[in-house]
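Report on the following structure.
The values are calculated or read from the model by the stated rules, or taken from the named source; none is laboratory data. Every value quoted in this text rests on a predicted model; they were computed, and no experiment measured them. Cβ coordinates were reconstructed from backbone atoms using ideal geometry, including for glycine residues, and neighbour counts include every protein chain displayed.
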Amino acid sequence: MTTTICFTNNKGGSGKSTSCAAVGTALALMGRRVLLVDGDMQMNLSLSFFDEDTVLQYAVNDHNIYHAVKNEKDLKPYILKTGTEGLDIIVSSTLMSSVEMELFTKWQRETILKNLLKNTVSGGEYDYILIDAPPTLGTWAVNILTASDRVIIPVEASPWGLFGLANMFDFLHQVQGISPDTKLLGVLVTKVDERKNYYRQTMETLEGLEEIHVFDQVIHVDSAVEWAQDASQTVVTYKRSSRSAKEYMALAAEIDALCEE
Ligand SMILES: Nc1ncnc2c1ncn2[C@@H]1O[C@H](COP(=O)(O)OP(=O)(O)OP(=O)(O)O)[C@@H](O)[C@H]1O
Ligand SMILES: [Mg+2]
C-alpha cells in the first residue's frame, strides 16, 4: 500500500521543503520506495536533487508538475530518478505561479492531483509519495491535501513560528469536509536553537494543544543543511554524520512506524 504524505504550512520558511527532501531520502535509505512530488513554484524540493540548469531544462521540456496538471496527464511519465536508489521525483516549474488560474476552469478542481496520482498509487510501486506544498492556502493546496492520506506540518521554533498555525488547522478541517481520509500525522518542530528560550516556549504551546500529535524528533539548526542545499543534495546524503542528518533519519523511522500503526 502507498501512503501519501504532504508537508504543508502557510507560514513560509518553516522547513517544509528541507524536511520533505530529507525525510524522503532517509526513507529510501531505509529501503522504502519513495516518490517525491514538488508542488511549489520555488522548486526547492527539485533543487535538492538537481542543479538549477537541470531543473530549468525540465521546465523547458515540459517534464514537470505544471504541465501534468495543465494537461491533466497521468503523472507516471513525469517521474524522474534521483541519484539515490529507490527515490524518484516529479519536479516543479516556475510556471506553477499560475496553477490557480489553470485549476479555475477545471471540472472537479479540488481533486485533480489526486486523480493524476491514481495510477501511481494503485500501481503500488511506492511505499510513500511525499508532496512538498507551497506556503499558500488556495485551490492547489486543497489539491495537495485531498491527495494526501497524512499531513505533516513543519513549524519553526521561533516567535512567529506558530503564528497562523490555527489557520492551517482550520484549513485542514475544511478540506476534511471533502476528503475525510486526510489526517494530520503530526507537527514537526524545525530549526531548533537551544540557546534561545523560544524552543521551550514553542514546545509548551504545542504540547498544550489537544489532539495534536507533535513528533518526538525535532530538527536542530545545522549549517550542514545549507551546505547540502548549496550542493543540490539533502543533508542525509551530503553529510550523514551531521546532527540534522541523524535527526532526519530518526524522524523517518518515527514516521514509518506511525504509518504502520
Ligand atoms: N535545520 C536547519 N538548519 C539550518 N537551516 C535550515 C534548517 N532547515 C531549514 N533551513 C533553512 O531555512 C530556510 C527555509 O527552509 P525551507 O525552504 O525548507 O522552508 P519552507 O517551509 O519550504 O519554505 P517556503 O515556505 O518558502 O516553501 C532555507 O533557507 C533552509 O536552508
Ligand atoms: Mg518550500
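Between 104, 50, 7, the distinction of being within 14 Å of ligand 2 (Cβ to nearest atom), in contact with a Ser or Thr (Cβ under 8 Å, 6 or more places away or on another chain) and aromatic (Phe, Trp, Tyr) belongs to 7 only. Residue 72 - would you say it is within 16 Å of ligand 2 (Cβ to nearest atom), among the charged types (D, E, K, R) and surrounded by fewer than 21 Cβ atoms within 10 Å (Cβ to Cβ)? Taking the combined requirement at face value, the residue does not satisfy it. It is to be established whether one or more residues within the stretch 236-243 are among the hydrophobic types (A, V, I, L, M, F, W, C) and either near ligand 1 (Cβ under 9 Å from one of its atoms) or in a helix (DSSP H, G or I) (or both). Checked against the condition, which is being among the hydrophobic types (A, V, I, L, M, F, W, C) and either near ligand 1 (Cβ under 9 Å from one of its atoms) or in a helix (DSSP H, G or I) (or both), the stretch 236-243 yields at least one hit.
In the set 239, 196, only one residue is surrounded by fewer than 15 Cβ atoms within 10 Å (Cβ to Cβ) and either within 22 Å of the chain's Cα centre (by Cα) or over 20 Å from residue 25 (Cβ atoms) (or both); that residue is 196. Looking across 8, 2, 84, 18, one residue alone is of a type outside the set (A, V, I, L, M, F, W, C) and over 16 Å from the mean Cα position of the chain (by Cα). It is 84.
Determine if the stretch 160-171 includes at least one residue that is in a loop (DSSP other than H, G, I, E, B) and closer than 16 Å to residue 24 by Cβ. So far as the stretch 160-171 goes, no, none of its residues is in a loop (DSSP other than H, G, I, E, B) and closer than 16 Å to residue 24 by Cβ.
There is no residue in the stretch 50-65 that is without any contact (Cβ under 8 Å) to a residue 60 or more places away in the chain, crowded, with 21+ Cβ neighbours inside 10 Å, closer than 20 Å to residue 225 by Cβ and of a type outside the set (A, V, I, L, M).
Residues in the stretch 103-124 that are hydroxyl-bearing (Ser, Thr, Tyr), assigned to a helix (DSSP H, G or I) and out of contact with any strand residue (DSSP E or B) (no Cβ under 9 Å at 6 or more places or on another chain): 111, 122. Among the conditions (1) surrounded by 21 or more Cβ atoms within 10 Å (Cβ to Cβ); (2) modelled with pLDDT of 95 or more, the only one that residue 81 does not satisfy is (1). Kindly check whether there is at least one residue in the stretch 123-139 that is within 16 Å of ligand 2 (Cβ to nearest atom), buried (at least 22 other Cβ atoms within 10 Å of the Cβ) and aromatic (Phe, Trp, Tyr). So far as the stretch 123-139 goes, no, none of its residues is within 16 Å of ligand 2 (Cβ to nearest atom), buried (at least 22 other Cβ atoms within 10 Å of the Cβ) and aromatic (Phe, Trp, Tyr).
Screening 177, 186 for residues that are without any contact (Cβ under 8 Å) to a residue 12 or more places away in the chain and either surrounded by 13 or more Cβ atoms within 10 Å (Cβ to Cβ) or not in a loop (DSSP other than H, G, I, E, B) (or both) leaves exactly one candidate, 177. If the condition is being of a type in the set (A, V, I, L, M, F, W, C) and within 15 Å of ligand 1 (Cβ to nearest atom), then the stretch 41-54 contributes 41, 43, 45, 47, 49. Checked against the criterion of being within 13 Å of ligand 1 (Cβ to nearest atom) and in a helix (DSSP H, G or I), the candidates 68, 22, 26 yield just one match: 22. Checking the structure you have, find out if any residue of the stretch 24-36 is within 16 Å of ligand 2 (Cβ to nearest atom), more than 26 Å from residue 253 (Cβ to Cβ) and buried (at least 24 other Cβ atoms within 10 Å of the Cβ). No - not one qualifying residue is present in the stretch 24-36. Within the stretch 203-223, the presence of a residue that is buried (at least 18 other Cβ atoms within 10 Å of the Cβ), out of contact with any strand residue (DSSP E or B) (no Cβ under 6 Å at 6 or more places or on another chain), of a type outside the set (Lys, Arg) and in a helix (DSSP H, G or I) is excluded. Taking every residue in the stretch 109-138 that is under 29 Å from residue 31 (Cβ atoms) and within 16 Å of ligand 1 (Cβ to nearest atom) and pairing it with any residue that is modelled with pLDDT of 95 or more and part of a loop (DSSP other than H, G, I, E, B), at least 6 positions away or on another chain, the pairs with Cβ-Cβ distances below 6 Å are 131/39; 132/39; 132/40; 132/45; 133/8; 133/39.
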